[in-house]
């Protein structure tokens, strides 16, 4: 039987993160150093310094690399609390794509690679990006369409191709690049300052919560030393699952916190805003929306904690993380949408953070695999055993 009750240590940690976000981070949400493509690097470093002073930096990374070394369930608690502010995960250095890249580096990288890439990343001294998605006709939801090539030439791989929607590329110190080598799909580590990498443009997108925004990259005869292969050549797709399954889950954790923030704002408004002789929350139309929010938030938390518990048990959580991703991305969007509706005209203004949360959560239904792709994969698994008694 799964026990979802929190330990005293987890309760204390949740309260500590919650207080940090409310007292130190929320007052900074309107800082002018944020733009349509995320916070600038000076602001990010300032946020990281605040989290470091509170001993809350990189909670998911092992202590030997400068983090808190939390298990997955504890991360679920902490990431939800961090997500209560759109800039909370950036402050605590547990935002995408760096959080997923740290996780993969910790599990797969050589000792030398960890010292060079992971340690400064966990400390907030650098940022990173994960270059996998490609423009048409390359790989998107279907990784078999991977077109970026890595050709072995002596002690280097020579990489040519294009990537797009690469989160955090502008200002990143290094990239993890997925390319098709002779051995098969292969991950390679490259400094972003290396000759042969070019940022073609920064995309204007619906969200603004990721440092560096989302870029289109091109690789032209980019030379990457063999020692910068991440893991084994030809095992890139397997390593992508090592990264993506927990990364889907941590997205759910962070956006759960954001949806809780929107819900709190909406329910306070519904309690004080009067219409037709009573608070609007006492009218069934609004009251039922608040109730449905409570139901969706509860369902999402159970899905997240169950998947986190599976990971802590060492169980395969690929299917569970796909389920959690679909459940949470769609339910949390419903929560944000209802909150906009409850606030009425106020909900479509930037006078509250609800408008921003609505935009950011809408993108979550696409990032890390659209809901339709996850449903397709889940349906295939369901059909595999359909003929058995």
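The numbers here are math on the coordinates, done by the rules we state, and not lab data. All of these numbers come straight from a predicted model, not from anything done at the bench. Using ideal geometry, Cβ is built from the backbone for each residue, glycine included, and neighbour counts are taken over all protein chains shown.
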### Message
Run the Debye formula on the Cα coordinates of the range 128-234, all scatterers equal and no solvent, and tell me log10 I(q)/I(0) at q = 0.12, 0.14, 0.15 1/Å.
### Response
-0.36, -0.49, -0.56
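Give the Kirkwood hydrodynamic radius (Å, one decimal) of the chain, defined as one over the mean of 1/r across all pairs of different Cα atoms. Don't skip to the end; give the middle numbers.
Details: mean 1/r = 0.0461 Å⁻¹.
Taking the inverse mean of 1/r over all distinct Cα pairs, the chain comes out at 21.7 Å.
Hey, how much of the P(r) for the range 8-122 falls beyond 16 Å, as a percent of Cα pairs? Walk me through the numbers before you get to the answer.
Details: 3780 of 6555 pairs.
Of all Cα-Cα pairs in the range 8-122, 58 percent lie more than 16 Å apart.
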### Query
With a ≥ b ≥ c the root eigenvalues of the C-alpha gyration tensor of the range 219-323, is it rounded (a/c under 1.5), prolate (a/b larger than b/c) or oblate?
prolate
### the chain - mean residue ellipticity at 222 nm from DSSP helices (-39,500 (n - 2.57) per run, n ≥ 4, rounded to 500)
-14500 deg cm²/dmol
### Query
Can you give the convex hull volume per residue for the Cα atoms of the range 57-209, as a whole number of Å³?
132
### Task
Taking just the C-alpha trace of the range 303-389, give me its Rg and Dmax in Å.
16.8, 58
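Equivalent-ellipsoid semi-axes (√(5λ), Cα gyration tensor) for the range 145-198, whole Å, largest first? Write out the running numbers ahead of the final one.
Working: eigenvalues 72, 37, 16 Å².
Semi-axes, largest first: 19, 14, 9 Å.
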### Query
If you take the Cα atoms of the range 1-51, find Rg, then find the Kirkwood Rh from the mean of 1/r over all pairs, what is Rg/Rh?
1.18
### Message
Report the Cα centroid-to-centroid distance between the range 40-114 and the range 247-274 in angstrom, as an integer.
### Response
22
### Message
Taking just the alpha-carbon atoms of the range 237-384, what radius of gyration and Dmax come out, in angstrom?
### Response
17.2, 60
### Message
For the pair residue 142/residue 31, report the inter-label distance in nm, with labels modelled 7 Å from Cα in the Cβ direction.
### Response
4.4
#### Entry: Debye intensity ratio in log₁₀ form over the Cα atoms of the range 188-235, taken at each q of 0.14, 0.15, 0.24, 0.27 Å⁻¹
-0.49, -0.55, -0.92, -0.99
### Task
Within 10 Å, count the other beta carbons around each residue, average over each peptide in 83-90, 38-45, and list them highest first.
83-90, 38-45
### Where labels lie 7 Å past Cα in the beta-carbon direction, separation of residue 295 and residue 350 in nm
3.5
